[in-house]
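Below you'll find the structure, written out as structure tokens, and then a few comments.
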Amino acid sequence: MRFASIGSGSRGNATLISHKETTLLVDCGFSARETEKRLQRLKFDAGDLSAILVTHEHADHINGVRVLARKYQIPVYATAGTAAGLPVDTKDLVREISCHESFSIADIEIEPFPVPHDAREPSQFVFSDGNHRLGLLTDLGISTPIIEQALTLCDALLLEANHDMEMLDNSEYPDHLKYRVSGRLGHLNNVQSAKLLEKIDTSRLQHIVAMHLSEKNNSPNIVAPLFAEALNCDQSWIGLAEQDTGFDWREITNR
Ligand SMILES: [Zn+2]
Ligand SMILES: [Zn+2]
């Protein structure tokens, strides 16, 4: 299995998961044109997407879904709640999924799980090619036992590290936004994410990438050492997804 990102953060998110002939786009928070352009950087053609999976209906995850899905007639997988938040003329392309039931799209098996976030029916995913597991977890206020169970023994983890609590506290954000971001239905702060890493079995981990970093209230210089400490590894091993460039293809290998 290989994976990449064309951008991650509050101004747009989209992740690629690929195995054999199957490539999934998880969320599409950029305009369709911008998405096509960014996919080209990864030498990938939007017309070759097998499906789009949508985690939840916030704009930074669905901006380009309608136009991209219509243009290339790509099926869109989402929970009923998330689907209800998509534009009406996306409906005929939607395949409804349950947060609690695994399903397959060609070569890739997908295990969805529910997360606490202020959306209608948000879901995040573990992807499997039969041998390896890749966990994607962003946009949640707190961790839960279901999440920890889902993410245990992954070979790759794409994990939200949204904000540094002190930076958020001292930011110019209005109080209601500070509460929203740091609340139980908001986003994981760096310490929460590091604690999650300490809690789950990471003995198989080949890749860790910090995702959805706030550009205003976080810094790679804070995230990398925290994650390195939690995993007892070198800081240089911690990947960081950028808002403008995401990250280049990475591969999970047999070992
Ligand atoms: Zn988001
Ligand atoms: Zn969100």
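The values are calculated or read from the model by the stated rules, or taken from the named source; none is laboratory data. Here the structure is a predicted model, which means the values were calculated and not measured. Every residue, glycine as well, gets a Cβ built from its backbone with ideal geometry; the counts of neighbours run over all protein chains shown. We work out accessible area using only protein heavy atoms, side chains counted, and drop any ligands, DNA or RNA first. Shrake-Rupley method; radii C 1.70, N 1.55, O 1.52, S 1.80 Å.
Note on Q149 and S104: the extension gain reaches 14.2 nm, defined as 0.36 nm multiplied by sequence separation minus the Cα-Cα distance. Placing a label point 7 Å from the Cα of E111 along the Cα-to-Cβ direction, the residues of region 168-209 with a backbone N closer than 20 Å are 196-209.
For region 2-251, DSSP calls about 55 percent of its internal beta bridges antiparallel. Ranking V94, T55, P116 by how far each Cα lies toward the positive end of the dipole of region 33-185 (charges on Cβ) leaves V94 at the top. Take M1: with every protein chain present and a 1.4 Å probe, its accessible area is about 10 Å².
In a GNM of the chain with a 10 Å cut-off on Cα contacts, which of I222, I17, I74 has the highest mean-square fluctuation? Looking only at I222, I17, I74, the largest GNM fluctuation is found for I222. For the residues G85, G130, G141, a GNM of the chain with alpha-carbon springs under 10 Å puts the largest fluctuation on G130. Within the listed set L16, L86, L42, the residue fluctuating most in the Gaussian network model of the chain (springs between alpha-carbon atoms under 10 angstrom) is L42.
Ligands, DNA and RNA are left out, and with a 1.4 angstrom probe the accessible area of region 2-251 is 43 Å² per residue.
If the chain between K195 and N254 were fully stretched, how many nm would it gain, using 0.36 nm times the residue separation less the Cα-Cα distance? Before the final figure, lay out the partial values.
On the way: separation 59, 0.36 × 59 = 21.24 nm, distance 2.77 nm.
Difference between extended and current length: 18.5 nm.
Pairs exceeding a 31 Å alpha-carbon distance, out of K20/K195; K20/K216; K37/K178; K43/K71; K178/K199: K20/K195; K20/K216; K37/K178. Extending 7 Å from the Cα toward the beta-carbon at both R184 and I142 defines two label points whose distance is 0.5 nm.
Spacing of the modelled spin labels on H176 and Q40, each 7 Å from Cα toward Cβ, amounts to 4.1 nm.
Compute the whole-percent fraction of alpha carbon pairs in the chain spaced more than 22 Å apart. Can you show the working numbers first?
On the way: 16384 of 32385 pairs.
The share of Cα pairs beyond 22 Å in the chain comes to 51 percent.
Bridges between two residues of region 86-166, per DSSP, are antiparallel at a rate of about 75%. For the chain, what is the relative contact order in percent, using Cα pairs closer than 8 Å and at least 6 residues apart in sequence? It rounds to 20 percent for the chain.
For the chain, the share of accessible area belonging to carbon and sulfur comes to 47 percent (1.4 Å probe, ligands and nucleic acids excluded).
Each DSSP beta bridge with both residues in region 1-94 is either parallel or antiparallel, and the antiparallel ones are about 60%.
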